[in-house]
1. Sort largest first and round to whole Å: the equivalent ellipsoid semi-axes of the chain, each the square root of five times a Cα gyration tensor eigenvalue.
2. With each pseudo-label sitting 7 Å past Cα toward Cβ, what's the THR22-ILE36 distance in nm, one decimal?
3. On a 0 to 90 degree scale, rounded to 10, what angle separates helix 4-45 from the longest Cα axis of the chain?
4. Run lengths n ≥ 4 of DSSP H only: what is the helix-derived mean residue ellipticity at 222 nm for the chain, with -39500 (n - 2.57) per run over all residues, to the nearest 500?
Amino acid sequence: LQIEIPLHLSLRGVRVAHCLATYFIGYIFGTTAIVITINEKVLSLL
């Protein structure tokens with residue numbers, strides 16, 4: 001019982017960390033894609 005509780009918490013922590021990492025990476029890629037698109041539109045206007 002003393003082993004299962006920390007293991008359960010650590011697995012939950014890993015799951016939360018994985019969700020945060022996935023969200024963070026998706027946010028970075030999304031922002032980068034938007035910036036690249038804006039830069040391309042600005043360059044095409046020039």
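1. Numbers: eigenvalues 388, 3, 3 Å².
In descending order, the three semi-axes are 44, 4, 4 Å.
2. Between THR22 and ILE36, the simple spin-label model gives 2.3 nm.
3. Orientation of helix 4-45: about 0 degrees from the principal axis.
4. Details: 1 runs with 42 residues, N = 46.
Rounded to the nearest 500, the figure is -34000 deg cm²/dmol.
Only the coordinates and a few stated rules stand behind these numbers; no lab work does. Worth saying up front: this structure is predicted, and the values here are computed from it rather than measured. Reconstructed Cβ throughout: ideal geometry from the backbone, glycine too, with neighbour counts over all protein chains shown.
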